[in-house]
Amino acid sequence: MIPAKNRHVVAGGLLALLVVLAVASLFIGRFRIGFTTAITTFFSGANPLLTAVILRIRLPRILAALCIGANLGVSGAAFQGMFRNPLVDSRILGVSSGAAFGASLALFFARGPLGVEGMAFLFAIAAMGLVLFVGERFGASILVLVVAGVLVSAFFNALLGLVKYVADPLNTLPAITYWLLGSLNGARFAVLWPLFGISAVGLTFFLLIRWRVNLLTLDTAEGATLGLAVKRFRLVVIGVGTLLVAASVAVSGIIGWVGLIVPHAARALVGPDHARLIPASLVLGAATLLVLDDISRTALTSEIPLGILAGLIGVPVFLFLFMRVLRAHGGGWR
Amino acid sequence: MSIVADHVSFSYRHGRPVLQAVSLEAHDGGMTFILGANGSGKTTLLSCLAGILAPDAGMILIDGQPLSAVTPRMRAQTIGFVPQLHTPVFAYTVWEVVLMGRAPHLSLLARPGQRDRNAAAQAIRTVGLWRLRDCPYTEISGGERRLTLIARGLTQGVRYLLLDEPDAHLDPAYQHRTMTTLAELGHTGDVGIIASSHQPNNALLYADQAIVLGTGRVIAHGPPPTTVVPAILNNAYGMEFELIASATGRRAVVPVTRSSKTA
C-alpha cells in the first residue's frame, strides 16, 4: 500500500499516465505508418486518410475503452464492498447474462450494430430490474440479492443457450460467439453516445458517494445505527452500478475479469477505504482496458477478442504482481 | 433528557416473546447496566432502544419523542450503538473506522471534512488509541477493537451510547480500562451509557443503575447496591450467589460453591 504522504503524488502520476496512454494510443494501430510519423503527419494534416482513421475510428474506440474500463472497475469495487466478497465482480447480478441474451437475439434476427447494442442494453436492464424487484420485495439482504443475481443469470444463460441452439451454425452462431468474447471493433461515435452519457452520470454518482460506500461494507444493523437507510442505499448503488455495466457490455460484449481483478489491484495500492478505492479503480480500470484494446487491435493482423486477451495476458500479470501483495497483507481484506 | 422504554414487548417471528412489557428509564449522563442470563432479552432490548428492532407493543421515547417518529439520521445523531466484538471484512484503519461515525452528520454526497476529522481525533484520544490510529482495525487486539467502536460511537456526537457486552472477551485490565472510560464519559461528558453485561461485579464497580432481566421481564431496577444482590441474582441466573465485602466496604457477588457452604 502507498504511504499516506505520497498519495497525492501517486494519484496525479496515475492520472497523467492515463492521459499519456490515451493520447499515445491514438497513434498506434494497423494503419501502416510509424508512431512518430503518425504524430507529425496527423498534426500537419498531410494525410487525410490517417486523420480520418484517428478521429473517426481510433478516437471513439479509445474513449469507449476508457469508459468501459472505468465502469467495470468502479462497479466491481462497489459490488465487492457491498457484497463483502472477493469473488464478486460486475457480473454478479446477472446483467451480463441479460445483455448476452439480448445481443444474441438481435444477431439472430440480423439487426445492425445499433440493434445489437440496444437489445443487449434492454435485456441487461431487464435482468437488473428482476434483481431489484426481488430485492425490494424480500428485504434486499445480501443473501437475497446474491441468490437473485445467480438465478437471473442462470435464466438468461438458458435463454442464450436456446438462441445458440437454434441459430444458423454458419453465420449467426459465429457472430454470437464472437460477440460473447468481447471486442471494441464496432465502436463508432454513432453508437457510443449512450455509453458516454451513462458513464458520465454513473461515474460522477460513484465519485460523489464514494466515502459512504464504506458504510455498506458493515453489517446491515450497524449501518442503520450510523443513520444509513441501508436497503434504499443498497438498491440505488446496485441500480447505478449495473447501469454502468449494462451500458458497457452493450457496446463491448462480455469482458470477464476486469471488474474482478482491477478492484483487487486498486485495493492493494490504496487500501480498502472507498474514498480512495473508487477513484483508483476508475483510473486503473480505464488504463487496463485501454492497454488491452491497444494490444487487441495491433498485435496480430486480425483482431484478438478482448475477453480472450484479458484472460491470456491480464490474468498472469495480475497473478504474479498481486499474489505477493495478497500474501503480504491481505490486499485490504481481513 | 432521558431515554425511556414504556411497556416494550417484542418477539422474533414464530418465536416466544423475548421482551414482555419492559419499562426502564436512563438519563443522559451516568451508566446503566443491563444484567440477565443468556436469552433473557438483553441484546433484544438494546436493539429496540437503538432503533434496530421495532417493538411489537409499547414504545421507546427519546427525550419525550417516540423513537419510531425520528428519522434514521436524527436517531444516529442521538443514539450510538456499539455491537459485540466483530471483525469487518475489510482492513480499515482505526482512523477510518472511527471516521465512519460522522456519517449521520454528513449529507448523502458529502465526505468528511476538517470538522469531522477533528471529532474523530478527539474521540480517538478520549479512548487512548491515538498511537494506533493508522493500524488496520483487523490487526489490533480485541480490547483495542472495543475501544475503537466506542470512539466511533463518540464521534457520532450522541447523547446516549448503547453497548452490547462491552466487557465480554476482555482481560481484567481491558475490562477496567473500558469500564472506567465509559464511566468517565457518563459522569463528565453528558453521555448516557447503557451497557448489557454478564459481569454483575462490573455493575457494582462502575454503574449508577442496574436493570436485571429475567426471561424478558424486568425483575429489578435501581442502584446496584439494591439490585445486584444475591436474592435477585439467584432468581435471574437460577443459581446461588453470595455477597462478600472487603474491610473497606467494597462488595462483590460470587457463586456459592461447595467450599463456601462448608466454611
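The values are calculated or read from the model by the stated rules, or taken from the named source; none is laboratory data. As the structure is a computational prediction, the values presented were derived from the model and not from experiment. Ideal geometry is used to build each Cβ from the backbone, glycine not excepted, and the neighbour counts take in all protein chains shown. Each accessible area value is taken on the protein alone, full model and side chains, heavy atoms only, with ligands, DNA and RNA left out. Shrake-Rupley method; radii C 1.70, N 1.55, O 1.52, S 1.80 Å.
Condition first: within 16 Å of the chain's Cα centre (by Cα) and either in a loop (DSSP other than H, G, I, E, B) or without any contact (Cβ under 8 Å) to a residue 24 or more places away in the chain (or both). Now tell me which residues in segment B:133-156 satisfy that.
B:GLN156, the sole residue that qualifies.
Kindly state which strands (runs of 3 or more DSSP E) lie completely within segment B:8-111 and contain at least 3 residues that are open to solvent by less than 10 Å² (accessible area, probe 1.4 Å).
B:17-27, B:31-36, B:79-82
All but one of (1) on the phi < 0 side of the Ramachandran plot; (2) part of a loop (DSSP other than H, G, I, E, B); (3) buried (at least 16 other Cβ atoms within 10 Å of the Cβ); (4) over 14 Å from the mean Cα position of the chain (by Cα) hold for A:ILE92; which doesn't?
The number of the failed condition is (4).
Take B:LEU204 and tell me if it is crowded, with 17+ Cβ neighbours inside 10 Å, without any contact (Cβ under 8 Å) to a residue 60 or more places away in the chain and more than 21 Å from B:GLY128 (Cα to Cα). Outline the logic, then answer.
Working: crowded, with 17+ Cβ neighbours inside 10 Å: yes; without any contact (Cβ under 8 Å) to a residue 60 or more places away in the chain: yes; more than 21 Å from B:GLY128 (Cα to Cα): yes.
Against the criterion (crowded, with 17+ Cβ neighbours inside 10 Å, without any contact (Cβ under 8 Å) to a residue 60 or more places away in the chain and more than 21 Å from B:GLY128 (Cα to Cα)), B:LEU204 qualifies.
Is it the case that some residue within segment B:217-229 is in a strand (DSSP E or B), touching a Pro at 6+ places or on another chain (Cβ under 7 Å), open to solvent by 30 Å² or more (accessible area, probe 1.4 Å) and more than 24 Å from B:ALA76 (Cβ to Cβ)?
no
Which residues, taken from segment A:7-52, are open to solvent by less than 80 Å² (accessible area, probe 1.4 Å) and either assigned to a loop (DSSP other than H, G, I, E, B) or touching a Gly at 6+ places or on another chain (Cβ under 7 Å) (or both)?
Answer for segment A:7-52, where residues must be open to solvent by less than 80 Å² (accessible area, probe 1.4 Å) and either assigned to a loop (DSSP other than H, G, I, E, B) or touching a Gly at 6+ places or on another chain (Cβ under 7 Å) (or both): A:LEU26, A:PHE27, A:ILE28, A:GLY29, A:PHE31, A:ILE33, A:GLY34, A:GLY45, A:ALA46, A:ASN47, A:THR51.
Quick one: how many residues across segment A:173-212 are crowded, with 23+ Cβ neighbours inside 10 Å and among the basic types (Lys, Arg)?
Residues flagged as crowded, with 23+ Cβ neighbours inside 10 Å and among the basic types (Lys, Arg) within segment A:173-212 amount to 2.
List pairs: first residue in segment B:60-79 and away from chain A (no Cβ under 11 Å), second residue in a strand (DSSP E or B) anywhere in the structure, Cβ distance under 6 angstrom, at least six positions apart or on different chains.
So the pair list comes out as B:ILE60/B:ALA5; B:LEU61/B:VAL4; B:ILE62/B:ILE3; B:PRO66/B:MET59; B:LEU67/B:ILE60.
What is the one condition in (1) modelled with pLDDT of 90 or more; (2) in contact with a Leu (Cβ under 9 Å, 6 or more places away or on another chain); (3) not hydroxyl-bearing (Ser, Thr, Tyr) that A:LEU243 does not satisfy?
So A:LEU243 meets the others, but not (2).
Among (1) in contact with a helix residue (DSSP H, G or I) (Cβ under 7 Å, 6 or more places away or on another chain); (2) free of Cβ contacts under 8 Å to residues at least 60 places away in the same chain; (3) open to solvent by 30 Å² or more (accessible area, probe 1.4 Å); (4) within 30 Å of A:LEU207 (Cβ to Cβ), where does A:LEU55 come up short?
Just one mismatch for A:LEU55, condition (1).
Could you tell me which residue of segment B:210-263 is farthest from B:GLU25 (Cα to Cα), considering only residues that are hydroxyl-bearing (Ser, Thr, Tyr) and within 25 Å of the chain's Cα centre (by Cα)?
Here the residue is B:TYR237.
Applying the selection to segment B:80-105, what residues are among the aliphatic types (A, V, I, L, M) and within 7 Å of chain A (Cβ to nearest Cβ)? Walk me through it before giving the result.
Applying the first criterion (among the aliphatic types (A, V, I, L, M)) to segment B:80-105 yields B:82, B:85, B:89, B:91, B:94, B:97-100, B:103.
Listed by number, the residues that qualify are B:VAL89, B:ALA91, B:MET100, B:ALA103.
Checking the condition β-branched (Val, Ile, Thr) and over 23 Å from A:ARG276 (Cβ atoms), which residue from B:THR126, B:THR93 passes? Don't jump to the end; show me each part of the working.
Values: B:THR93 fails: over 23 Å from A:ARG276 (Cβ atoms).
Being β-branched (Val, Ile, Thr) and over 23 Å from A:ARG276 (Cβ atoms) holds for just one of B:THR126, B:THR93, which is B:THR126.
For segment A:143-225, which helices (runs of 4 or more DSSP H) that fit wholly inside it have 3 or more residues that are more than 14 Å from chain B (Cβ to nearest Cβ)?
A:172-181, A:189-209
How many of the residues making up segment B:246-263 are open to solvent by less than 80 Å² (accessible area, probe 1.4 Å) and not in a helix (DSSP H, G or I)?
Going through segment B:246-263 one residue at a time, the tally reaches 8.
Going through segment B:163-174 one residue at a time, which ones are out of contact with any helix residue (DSSP H, G or I) (no Cβ under 7 Å at 6 or more places or on another chain) and either crowded, with 24+ Cβ neighbours inside 10 Å or part of a helix (DSSP H, G or I) (or both)?
B:LEU163, B:PRO172, B:ALA173
State whether one or more residues within segment A:213-224 are touching a residue at least 60 places away in the same chain (Cβ under 8 Å), open to solvent by less than 10 Å² (accessible area, probe 1.4 Å) and out of contact with any Gly (no Cβ under 8 Å at 6 or more places or on another chain).
Checked against the condition, which is being touching a residue at least 60 places away in the same chain (Cβ under 8 Å), open to solvent by less than 10 Å² (accessible area, probe 1.4 Å) and out of contact with any Gly (no Cβ under 8 Å at 6 or more places or on another chain), segment A:213-224 yields no hits at all.
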